[in-house]
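> I have a structure I would like to understand better, so I am pasting it below and will then ask my questions one at a time.
The values are calculated or read from the model by the stated rules, or taken from the named source; none is laboratory data. Computed from a predicted model, the values in this text were never measured in an experiment. A quick note on method: Cβ atoms are made from the backbone with ideal geometry, for glycine too, and the neighbour counts reach across all protein chains shown. These accessible areas exclude ligands, DNA and RNA; they are computed on the full protein's heavy atoms, side chains included. Shrake-Rupley method; radii C 1.70, N 1.55, O 1.52, S 1.80 Å.
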Amino acid sequence: MPDRSTDRTLPLLLLLFVGSGCAALIYEIVWFQLLQLVIGSSAVSLGVLLGTFMGGMCLGSLLLPRVIGRDRHPLAAYAYLELGIGAIGIAALFVVPLIGRLYTAWAGYGIAGYFLRGAVAALCLLPPTVLMGATLPAIARWVEATPRGVSWLGFFYGGNIAGAVLGCLLAGFYLLRIYDMATATYVAAAINLAVALVGLALAARTPYAAPARHREAATSAPVASANWTVLISIGLSGLAALAAEVVWTRLLSLMLGGSVYTFSIILSVFLIGLGIGSSIASWLARGSVSPRVLLGGCQLLLAATIAWAAFQLARSLPYWPIDPSQASSPWHTFQLDVLRCAWAILPSAVLWGASFPLALAAASGMRQLPDNHREANTSRSPDPGRLVGAVYAANTIGAILGAVGTSVWLIPAAGTQYTQQLLILISAGSAVVALAPLLIGGETSSEASVSRRPGLAGALALLAGLFAAWWLSRHVPPTPGELIAEGRYLATRHWEYPPLGSTQVQYQGEGMNSSVAVTLKGESTLSFHVSGKVEASTQPQDMRLQRMLGHIPALVHPNPRTVLVVGCGAGVTAGSFLAHPEVERIVICELEPPIPKEIAPRFGRQNYDVVKDPKVQIVYDDARHYILTTRETFDIITSDPIHPWVKGAATLYTQEYFELCKARLNPGGVITQWVPLYESSMDVVKSEVATFFAVFPEGTVWSNDSGGAGYDTVLLGHVGPLTIDVDRLEARVLSDDLLAWSLEEVGFLSGLDLLATYAGTAQDLAPWTKDAQLNRDRNLRLQYLAGLSSHNYREAAIYNAMVKHRTYPDKLFKASETNRVALMIKLGMQP
């Protein structure tokens with residue numbers, strides 16, 4: 001078989017791999033979005049999805065050389081794999097919803113529920129990801145395991161990563177922002193089809209004959225020459241890479257804001273680094289330096305670059321004097337986000353990208369040798385498909401362990417500081433594993449037989465590197481509590497009153513899904529922060545909103561007995577229901593366990609120690625998944641999710657989510673939904689309001705002002721007609737001391753004061769929302785709209801545009817003439 005390392009088709013194959021990578025990342029984003037709607041977006045669910053996705057690719061890389069013999073034309077095999085990926089990608093759009101309905105009928109909680117989530121993920125993701133994982137081993141058979149051939153395999157890997165960068169940006173910034181998941185899928189499938197057609201055309205034009213020694217047996221022996229030290233080293237490298245990506249994504253999202261655009265930027269920068277490193281190492285693999293030495297050197301350097309990133313993310317980047325609210329366009333802020341990401345994580349990403357082609361070269365036992373050595377090695381060269389499959393599988397297995405273990409176990413158990421310390425030591429350990437055979441003389445490959453052993457100087461250099469790694473690990477700084485609290489605005493507030501003036505971080509914790517903190521400013525203002533933003537506080541406007549979410553539905557419902565609270569927060573909303581003695585059961589659905597256990601008790605005075613009340617049950621799950629799978633129905637559902645611009649939050653603002661909530665309401669049941677006006681825009685608020693009213697067409701809006709200007713709102717929906725008996729409500733408030741005190745504490749001196757927050761009906765706002773974009777499961781439009789508006793503070797203008805449509809709702813309010821006139825006066829209307 002001739003050496004195809006100089007074949008003119010190779011540059012074209014490189015372009016095909018760019019297309020493959022682009023389509024693969026589009027699919028990954030779409031499939032994760034689709035499946036999160038079914039099995040939830042908790043850390044466990046995301047871990048299941050990521051593990052299954054990468055596990056399928058690992059399985060494909062191992063199976064292809066064993067299932068498809070070397071007598072099959074590699075280019076044709078590659079083309080058919082691409083066709084299969086495209087076909088399954090389109091089928092997933094129709095199959096996943098069907099599987100979702102079956103899952104809903106059987107879903108539960110605990111260990112059994114986790115296994116069922118895994119089964120759903122495997123059923124949906126394994127078929128296409130197995131094919132994706134097989135593409136690189138398939139094309140590897142088009143080249144021989146020579147230095148130049150292995151170098152081309154590294155370039156293919158780099159091209160695949162370059163395509164992944166393109167796919168990530170294309171999906172995150174264009175296809176899903178402008179269109180929907182179906183359109184993105186069709187674009188990816190079209191790319192697969194184009195790649196497949198070009199691959200089949202090349203196969204028809206280029207003859208292929210399997211090596212003579214493989215004609216009698218379709219497969220060759222296992223990759224014995226890819227010795228286990230290389231596989232273990234690249235496995236540890238993959239573990240460290242994905243674990244670091246999990247840690248750095250969490251820390252960077254604190255200072256950049258956790259929008260879908262932030263995640264796309266972080267992933268793209270990481271992939272760019274991998275591509276750069278892969279290209280450089282592919283070129284170096286042709287040289288005279290031992291690839292095993294280069295592989296070990298990369299791992300030692302990684303110990304230093306991981307420490308660099310840890311220092312930058314804790315001590316430097318958070319304090320760069322950048323105020324995102326001053327940017328005239330979000331696209332200006334995105335440029336700074338790219339710069340900050342690259343400054344911290346690009347060096348490590350380059351070295352991890354270099355590790356894969358160097359591992360391929362080291363595992364093949366090849367290097368640039370004299371002709372007599374090269375001929376001998378070529379005659380004994382392993383099946384390139386098995387070589388690539390083994391190295392790729394080892395790297396992917398490590399990546400699965402790193403990503404899933406870090407997000408589900410290591411960060412919640414030990415925190416990001418300890419995790420980064422461990423990653424430095426793991427990288428140093430990977431270097432030891434890679435270099436040990438050269439130091440102890442245990443390597444029998446052809447590479448070692450012609451290499452000069454490093455001797456004492458090499459051993460001393462390795463020891464010095466290990467000592468440096470240990471020293472660096474000891475000096476990894478902790479994640480600042482003020483970063484968890486203030487996030488992207490830490491820099492400006494740090495300079496205003498360093499360090500945060502009279503504000504003290506009283507608690508900080510890192511859970512599976514997010515980082516949380518509690519701060520005390522001055523002597524009285526207690527604030528609860530999630531991932532860099534305030535989610536609840538004892539400030540007047542925040543306390544008023546939290547009480548409104550509880551008291552409004554409890555007072556307008558004639559006899560509320562069961563309540564579902566979406567999101568525990570500081571517990572103030574849930575605690576408001578304790579002032580209503582008719583309420584018998586309160587279910588709090590919370591994603592992050594530390595919040596009810598550590599946060600809510602710190603607000604015990606404001607929430608009446610709600611988490612200790614026997615009426616309360618706390619369910620730890622993604623709220624959408626709980627509502628989708630529970631069989632219980634409620635009189636009241638109140639939802640106070642995080643801002644819609646935070647990645648994943650838009651699933652709690654979709655039309656389908658509100659329909660799920662409506663199905664879980666008893667006859668006469670009511671629902672309240674928080675809608676912020678700050679960190680938002682007119683289009684975003686219109687989308688939220690119009691989507692809610694599409695399900696609750698007789699709904700109403702209730703405003704929570706701050707200093708007479710807009711701040712946030714509560715949407716109220718109901719099943720069946722609703723009439724608010726103003727006289728009864730007023731008498732109810734005046735006759736119950738606890739209820740009256742709970743309202744008076746936040747500025748409502750009577751029931752009329754609470755009703756005076758009325759801001760309009762769905763019919764009133766119909767002209768205002770007529771051009772709104774509905775947020776649907778198939779597009780999650782809101783997170784892309786909101787992600788461009790997260791730095792806006794135009795709440796007054798938004799509120800004024802809404803309230804000018806308000807009219808007095810005679811059909812909603814039933815009141816005596818006295819209370820009717822009093823309420824109209826409070827609303828600023830002419831009686």
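> Please give the solvent-accessible surface of TYR489 in Å², to the nearest 10, using a probe radius of 1.4 Å with every protein chain present.
20
> Still on this model: Put PHE748, PHE173 in order of accessible area, largest first, 1.4 Å probe: what do you get?
Ranked list, largest accessible area first: PHE173, PHE748.
> Using the Karplus equation 6.51 cos²θ - 1.76 cosθ + 1.60 (θ = phi - 60°), what ³J(HN,Hα) coupling, rounded to whole Hz, does each residue of the range 575-587 give in order, writing x for Gly and Pro?
With the stated coefficients, the range 575-587 comes to x, 4, 6, 5, 7, 10, x, 6, 6, 9, 9, 10, 9 Hz.
> For the range 539-634, with every protein chain kept in place, what is the accessible area per residue (1.4 Å probe, Å²)?
30
> Under the Kirkwood approximation applied to all pairs of distinct alpha-carbon atoms, what is the hydrodynamic radius of the range 605-650 in Å? Could you put the intermediate results ahead of the total?
Values: mean 1/r = 0.0760 Å⁻¹.
Radius from the Kirkwood sum: 13.2 Å.
> Picking from LEU435, PRO553, SER278, whose Cα lies most toward the positive end of the charge dipole for the chain (charges on Cβ: Lys, Arg +1; Asp, Glu -1)?
Of the options given, the answer is LEU435.
> Using heavy-atom solvent-accessible surface (probe 1.4 Å) with all chains present, what is the largest-first order of ILE266, ILE642? Kindly include the intermediate steps, with their values, before the conclusion.
On the way: ILE266 5, ILE642 60 Å².
From most exposed to least exposed: ILE642, ILE266.
> Oh, and also: Which value, in Å², gives the accessible area per residue of the range 716-808 when a 1.4 Å probe is used on the protein heavy atoms?
Normalised by residue count, the accessible surface of the range 716-808 is 42 Å².
> Continuing with the same structure: On the protein heavy atoms, probe 1.4 angstrom, tell me the percent of accessible surface of the range 645-771 carried by carbon and sulfur. Mind showing how you got there, number by number?
On the way: 2200 of 4050 Å².
With neighbouring chains kept in place, the figure for the range 645-771 is 54 percent.
> Another question, if that's okay. Can you give me the accessible area per residue for the range 266-346, using a 1.4 Å probe, in Å²? Numbers along the way, then the final one.
Numbers: 3180 Å² over 81 residues.
For the range 266-346, the solvent-accessible area averages 39 Å² per residue.
> Another question, if that's okay. Can you tell me the relative contact order of the chain? Whole percent, Cα pairs under 8 Å, sequence separation 6 or more.
Averaging sequence separation for qualifying contacts and normalising by length gives 13 percent for the chain.
> Continuing with the same structure: Read through the labelled values [x] 28.7; [y] 30.7; [z] 31.6 and report the label of the one computed as Kirkwood radius over Cα pairs in Å from the structure.
Correct label, based on the coordinates given: [x].
> Using modelled backbone amide H atoms (1.01 Å from N, in-plane), which distant-in-sequence or interchain residues come within less than 5 Å of TYR758's amide H?
Long-range HN contacts for TYR758: SER703.
> How many percent of the alpha carbon pairs in the range 42-163 exceed a separation of 26 Å?
Across the range 42-163, Cα pairs with separations above 26 Å total 32 percent.
> Something else about it: Highest mean first, what order results for 57-68, 293-304, 352-363, 790-801 on Cβ atoms within 10 Å?
352-363, 293-304, 57-68, 790-801
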